[in-house]
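Following: one structure in structure tokens, then a few remarks.
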Amino acid sequence: MKKVFLAFALLLATLTVQAQDVFSKGSNNVNVGIGLGGNYFPIEASYEHCIKDNLIKGENGSIGIGGYFAWYGDSEKYGGVKWNYNHFVFGVRGAFHYQFVEKLDTYAGLMVGYNVASSSYDGETSVSGSADNVFLPGLYAGARYYFSPNVAVYSELGYGAAYLSAGISFHF
């Protein structure tokens, strides 16, 4: 995972074009997407609010904070019994944004989250209960490309409910 983040950082460092600011103080973003994480495809949503901008040379760099939510489920059959699993991931995130090129918002951050898991099975009797609930600290890096002032596509690499996610982002 460290090699992936290092490669992403090196890629960003090679871009030298200065750009207009797309994530400035007071602005908000809502991301809605799908992730890739092993044998499942979590549905994810996150919100971010910019609390500080113009951190580097008074013209670039900003900090955003917000929340994260994801859900994914799975089912397996063992003999005549079907097991159902549900995972709900809740988190708080903070990110540093730096815009290298016009219309592209690049960022990296930290997440502190919690995975609430439950399981149930259908057999001769139906039973449900909780599975392993776990604390989820995570690092992530991402980018949003704006097609218009209020709509972008995004992709993130890191760990939340998935290692890679992509979707649409709304800026307001």
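Residue under question is Ser165, and the condition is that it be in a strand (DSSP E or B), at pLDDT 90 or above and either among the aliphatic types (A, V, I, L, M) or closer than 17 Å to Tyr47 by Cβ (or both); does it hold? So Ser165 passes the test.
Going by the structure shown, is Ala108 closer than 26 Å to Lys52 by Cα, of a type in the set (A, V, I, L, M), surrounded by 15 or more Cβ atoms within 10 Å (Cβ to Cβ) and touching a Leu at 6+ places or on another chain (Cβ under 6 Å)?
No, not satisfied.
Whether a residue is of a type in the set (Lys, Arg) and either modelled with pLDDT under 90 or farther than 16 Å from His97 by Cβ (or both) was assessed, and Lys52 does not pass this test. Against the condition among the polar types (S, T, N, Q), touching a residue at least 24 places away in the same chain (Cβ under 8 Å) and farther than 17 Å from Leu164 by Cβ, how does Asn115 come out, does it pass? When the stated conditions are applied, Asn115 passes them. For the range 50-104, give me each residue that is over 13 Å from Lys25 (Cα atoms) and part of a loop (DSSP other than H, G, I, E, B). Within the range 50-104, Lys57, Gly79, Gly80, Glu102, Lys103 meet the criteria.
Looking across the range 86-109, the residues that are modelled with pLDDT of 95 or more and closer than 18 Å to Lys57 by Cα come down to Phe96, His97, Tyr98, Asp105, Thr106, Tyr107. Does any residue of the range 81-95 turn out to be of a type in the set (Val, Ile, Thr) and in contact with a Cys (Cβ under 9 Å, 6 or more places away or on another chain)? Checked against the condition, which is being of a type in the set (Val, Ile, Thr) and in contact with a Cys (Cβ under 9 Å, 6 or more places away or on another chain), the range 81-95 yields no hits at all. When residues in the range 147-164 are screened for being out of contact with any Phe, Trp or Tyr (no Cβ under 6 Å at 6 or more places or on another chain) and under 14 Å from Val30 (Cβ atoms), 3 of them pass.
Assess whether Ala143 counts as being among the hydrophobic types (A, V, I, L, M, F, W, C), touching an Asp or Glu at 6+ places or on another chain (Cβ under 7 Å) and at pLDDT 95 or above.
Details: among the hydrophobic types (A, V, I, L, M, F, W, C): yes; touching an Asp or Glu at 6+ places or on another chain (Cβ under 7 Å): yes; at pLDDT 95 or above: yes.
Taking the combined requirement at face value, the residue satisfies it.
Close contacts from the range 24-48, counting a first residue that is farther than 21 Å from Tyr145 by Cβ and without any contact (Cβ under 8 Å) to a residue 12 or more places away in the chain and a second that is surrounded by 14 or more Cβ atoms within 10 Å (Cβ to Cβ) and of a type outside the set (Phe, Trp, Tyr), with Cβ to Cβ under 8 Å and a gap of 6+ residues or different chains, come to none at all.
Could you check the range 29-81 and list, in sequence order, the residues that are farther than 15 Å from Gly94 by Cα, surrounded by fewer than 17 Cβ atoms within 10 Å (Cβ to Cβ) and touching a His at 6+ places or on another chain (Cβ under 9 Å)? Answer for the range 29-81, where residues must be farther than 15 Å from Gly94 by Cα, surrounded by fewer than 17 Cβ atoms within 10 Å (Cβ to Cβ) and touching a His at 6+ places or on another chain (Cβ under 9 Å): Tyr40, Trp71, Gly73, Asp74.
The values are calculated or read from the model by the stated rules, or taken from the named source; none is laboratory data. Because the structure is a prediction, the values reported are computed rather than measured. Please note: Cβ atoms are built from the backbone with ideal geometry, for glycine as well, and neighbour counts cover all protein chains shown.
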